[in-house]
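The values are calculated or read from the model by the stated rules, or taken from the named source; none is laboratory data. These numbers come from a predicted model, not from an experiment. Note that each Cβ is placed from the backbone with ideal geometry, even for glycine, and that neighbours are counted across all protein chains shown.
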Amino acid sequence: MNTKQSASRWMRLKELLVTTLLGWIPSIALGSKLRNVLYRTIFARIGSSVYIQNGVEFLNTSSIEISDGVHLFKNVRLNAKGHEKNKIYLGKQVALERGVEVGALDNTDIHIDENTYIAPYVCIAGPGNIKIGKHCMIASHSGIYANNHNFADLNVLIREQGVTRKGIIIEDNCWLGHGVTVLDGVTIGEGSVIGAGSVVSKDIPPFSVAVGVPAKVIRDRQEKKLDNNDSKLDIQLSATLAEIKKTAELSYIQTVNDTVFPNFVLENLLGVLLDCIRQVMNADTITILLPTHSGQQLAVCASVGLEEEIVESVRIPIGQGFAGRIAASGEQMIVDDLSKIEVVSPILRSAGIQSMIGVPLLLKDKAIGVFHVGTYRHCEFTKDDVQRLQLIGDRIGSAIEPFVTESEQANLSTSEVSCNSWV
């Protein structure tokens, strides 16, 4: 047995002796003080005024750093075992309520910054690195899991195919409600609120309110959020969508095989709305595309700034080009230089468009189309611009829902939304 192995075993034995002897002592003044003083001999660091209640379990204490004023309540478990480079760091005034479990697993750094509160029975687990910022609140029974199992090979047991480990970042001043699950590879922006029971599978922009499975942003907490009643765009958007809803109630026409969307709604109402959006966002073109009857291609539903007679003939295969990739992936896209990406139709380049934003048009959490804006000048769009466009797209998706037949709604799971009579 080499010297390194001997030192490791001695450290583990020392850890067991100290924690076993002191861990059971009730959390009266004596028990807490003894643990605070004697645990310093086995931990990487313990600050001053640390409160460790009886029944707290530690594994690989030499990789655990506890800062000033930390509170650890009954049945908390901090497990840094599994790799010599594991690290668990608790910043000043962090509080872990009863039953919280933190597991580093394999060459993992778990960092919980100052003044963050973790409620009972939260699970935080690597092996991906996890960083939780300052002043966060994470409600009970939430799970933060920085790993994802591989399962592509049907001939190998899933548990034997390994995991991915992209890591998780939760920035400062976030609040996660009861039972929230955060999956690997996610960043939750500063000041965001995640509703109870949500599953966060994609990045959340700063100062957002997000809910659902998967979690979707429903509001921007900043002053310039979309639902500002003084905003010209919001006034026009609300008025237009109200008119579309009214038209749906008064002009809903159903035949044996199809449902007819009155043409003037798209040509007039959406045209006015798109022109308003174009002005507010200082864009040159703005377009809505929806799937054709087959669901394999996109066609232009409404557009401002592109030649109408050319636009009407455009068909974009799902999965190809700028709009096709957005429809297939359901993800937002920013392109600063259009000349550097693949486009299916030459219209965008021939029109002189240089920069674009595209977002999926969502209905019942499914991407049923694409909403994009473009500029004739080079423009560096921001995440705020993308979020604004996504919020508009979400509201338009809700407005056109009454025009989708029951059979079409059933097809949402495969994106086979029939808009044959819409385009």
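Name the residue that is nearest to residue 169 (Cα to Cα), counting only residues in the stretch 184-203 that are surrounded by fewer than 19 Cβ atoms within 10 Å (Cβ to Cβ) and of a type in the set (A, V, I, L, M, F, W, C). Selected residue: 199. For the stretch 357-394, the set of residues classified as acidic (Asp, Glu) and either over 18 Å from the mean Cα position of the chain (by Cα) or on the phi > 0 side of the Ramachandran plot (or both) consists of 365, 380, listed by residue number. Inside the stretch 340-396, residues that are touching a residue at least 12 places away in the same chain (Cβ under 8 Å), part of a helix (DSSP H, G or I) and of a type in the set (Gly, Ala, Ser) make up a count of 1. Among the residues of the stretch 100-144, just one is among the basic types (Lys, Arg) and in a loop (DSSP other than H, G, I, E, B), namely 134. Inside the stretch 378-410, residues that are modelled with pLDDT of 80 or more and more than 19 Å from residue 274 (Cα to Cα) make up a count of 5. Is it the case that the stretch 279-291 has a residue that's closer than 28 Å to residue 204 by Cβ and assigned to a helix (DSSP H, G or I)? Looking for residues that are closer than 28 Å to residue 204 by Cβ and assigned to a helix (DSSP H, G or I), one finds at least one in the stretch 279-291, hence yes.
Just give me the residues in the stretch 111-128 being under 17 Å from residue 60 (Cα atoms) and modelled with pLDDT of 95 or more, in sequence order. Explain how you work it out, then say what you get.
Just the residues of the stretch 111-128 that are under 17 Å from residue 60 (Cα atoms), to begin with: 111, 124-127.
Result: 111, 124.
Just one of the listed residues (218, 194, 158) is over 23 Å from residue 118 (Cα atoms) and touching a Phe, Trp or Tyr at 6+ places or on another chain (Cβ under 8 Å), namely 158.
Only residues in the stretch 46-62 that are among the aromatic types (Phe, Trp, Tyr) count as the first member; pair them with residues that are in a strand (DSSP E or B), Cβ under 6 angstrom, at least 6 apart or cross-chain, and list the lot. As it stands, the answer is 51/71; 58/78, since those pairs meet every condition given.
Which of the residues spanning the stretch 311-328 are under 22 Å from residue 293 (Cβ atoms) and not in a loop (DSSP other than H, G, I, E, B)? 311, 316, 317, 321, 323, 324, 325, 326, 327, 328 - these are the residues of the stretch 311-328 that are under 22 Å from residue 293 (Cβ atoms) and not in a loop (DSSP other than H, G, I, E, B).
Select from the stretch 131-154 the residues that are farther than 19 Å from residue 72 by Cα and within 18 Å of the chain's Cα centre (by Cα) and list them in ascending order. Let's see the steps before the verdict.
Start the filter on the stretch 131-154 by keeping residues that are farther than 19 Å from residue 72 by Cα, which leaves 145-154.
Of everything in the stretch 131-154, those that are farther than 19 Å from residue 72 by Cα and within 18 Å of the chain's Cα centre (by Cα) turn out to be 145, 146, 147, 148.
Every condition in (1) of a type outside the set (D, E, K, R); (2) crowded, with 18+ Cβ neighbours inside 10 Å; (3) modelled with pLDDT under 90; (4) not in a helix (DSSP H, G or I) is met by residue 206 except one, and the failing one is (3).
Within the stretch 264-291, the set of residues being among the charged types (D, E, K, R) and either over 21 Å from residue 352 (Cβ atoms) or at pLDDT 75 or above (or both) comprises 267, 278, 284.
Here are 141, 111: which of them is out of contact with any strand residue (DSSP E or B) (no Cβ under 8 Å at 6 or more places or on another chain) and assigned by TED's automatic domain parsing to the domain that holds residue 83? Before the answer, list the steps.
Values: 111 fails: out of contact with any strand residue (DSSP E or B) (no Cβ under 8 Å at 6 or more places or on another chain).
Selected residue: 141, the only one of 141, 111 that is out of contact with any strand residue (DSSP E or B) (no Cβ under 8 Å at 6 or more places or on another chain) and assigned by TED's automatic domain parsing to the domain that holds residue 83.
Examine the stretch 163-174 for a residue that is surrounded by 15 or more Cβ atoms within 10 Å (Cβ to Cβ), in contact (Cβ under 8 Å) with a residue 40 or more places away in the chain, on the phi > 0 side of the Ramachandran plot and not aliphatic (A, V, I, L, M), and state whether such a residue exists. Among the residues of the stretch 163-174, at least one is surrounded by 15 or more Cβ atoms within 10 Å (Cβ to Cβ), in contact (Cβ under 8 Å) with a residue 40 or more places away in the chain, on the phi > 0 side of the Ramachandran plot and not aliphatic (A, V, I, L, M), which makes the answer yes. Just one of the numbered conditions (1) buried (at least 17 other Cβ atoms within 10 Å of the Cβ); (2) in a loop (DSSP other than H, G, I, E, B); (3) at pLDDT 85 or above is not true of residue 88: (2).
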